[in-house]
Amino acid sequence: PYQVHVTVLKNGDANVTQTMTYKFDDDYHGVYNNQDLRGIKGGKLTSVATAFNGGKLTTARQSTVHADNTYQVNYAGQNAKVKLYHGASDGDKLKVVYHYHLQGVVTNYRDTAELNWRVIGSNWDVDLENVKVVIQLPATQVKQLQAWTHGVLSGYTKVDKAQGRVTMTLAKK
């Protein structure tokens, strides 16, 4: 499963929580996550937490040691590339929660506002399954809230004007 919750702030920035479960089919010493920063003014990884094989979530720490439950982040171009170190073998599952603070996700104009950012970038080695993206605006009762999604056409987009929320779901990307 891959879930993203985007909480848009009044200034146009956003706090983003990405939750995914990696399923392993061989021996590995970590995973990568690439956060697309194109179309926004920048971003920063604020924390990472992991749960191995259904265990309790624990906070990973930034380090160059490459020990289990440590990570490194590289801001290269318009991408934040995270390498999370954690040993895993065939059949193991690693749930990871990434927290980002992104700047300039929403551009406000006099008569409208626009979010034009790829929530799910294109740097994935395997298909994503059970995708759910929730974008929560800082206001409710947004009378003219509209949403368009681009990509696979089998997904579903729900606009909730009363709650100021857009939810996108997709079985497989």
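The values are calculated or read from the model by the stated rules, or taken from the named source; none is laboratory data. All figures in this text were calculated on a predicted structure; none of them were measured in a lab. Here the Cβ positions follow ideal geometry from the backbone for every residue, glycine too, while neighbour counts run over all protein chains shown. Note: accessible area is taken over every heavy atom of the protein model, side chains too, but ligands, DNA and RNA are not part of it. Shrake-Rupley method; radii C 1.70, N 1.55, O 1.52, S 1.80 Å.
Inspect region 104-116 for any residue being surrounded by fewer than 18 Cβ atoms within 10 Å (Cβ to Cβ), among the aliphatic types (A, V, I, L, M), out of contact with any Pro (no Cβ under 7 Å at 6 or more places or on another chain) and part of a loop (DSSP other than H, G, I, E, B) and give the result as yes or no.
So in region 104-116, the residues surrounded by fewer than 18 Cβ atoms within 10 Å (Cβ to Cβ) come out as 104, 107-114, 116.
Then keep just the ones that are among the aliphatic types (A, V, I, L, M); that gives 113.
After this cut, where a residue has to be out of contact with any Pro (no Cβ under 7 Å at 6 or more places or on another chain) as well, the list is 113.
In the following step, the residues that additionally are part of a loop (DSSP other than H, G, I, E, B) were identified as none.
Within region 104-116, none of the residues are surrounded by fewer than 18 Cβ atoms within 10 Å (Cβ to Cβ), among the aliphatic types (A, V, I, L, M), out of contact with any Pro (no Cβ under 7 Å at 6 or more places or on another chain) and part of a loop (DSSP other than H, G, I, E, B).
Only one of the numbered conditions (1) out of contact with any Pro (no Cβ under 9 Å at 6 or more places or on another chain); (2) surrounded by 15 or more Cβ atoms within 10 Å (Cβ to Cβ); (3) over 25 Å from ALA171 (Cβ atoms) is violated by HIS5, and that is (3).
For region 38-68, give me each residue that is open to solvent by less than 30 Å² (accessible area, probe 1.4 Å), in a loop (DSSP other than H, G, I, E, B) and not hydrophobic (A, V, I, L, M, F, W, C). Write out each step before concluding.
Residues of region 38-68 open to solvent by less than 30 Å² (accessible area, probe 1.4 Å): 40, 42-43, 45, 48-51, 60, 63.
Subsequent filtering for residues that are in a loop (DSSP other than H, G, I, E, B) retains 40, 60, 63.
Correct list: SER63 only.
Scan region 23-37 for residues that are surrounded by 19 or more Cβ atoms within 10 Å (Cβ to Cβ) and either assigned to a strand (DSSP E or B) or acidic (Asp, Glu) (or both) and the total you get is 3.
Among all residues of region 103-114, there is none that is within 16 Å of GLY55 (Cα to Cα) and among the β-branched types (Val, Ile, Thr).
Name the single residue that is surrounded by the most Cβ atoms within 10 Å (Cβ to Cβ) among those in region 69-98 being under 18 Å from ILE120 (Cβ atoms) and touching an Asp or Glu at 6+ places or on another chain (Cβ under 9 Å). Filtering first and then ranking leaves ALA80.
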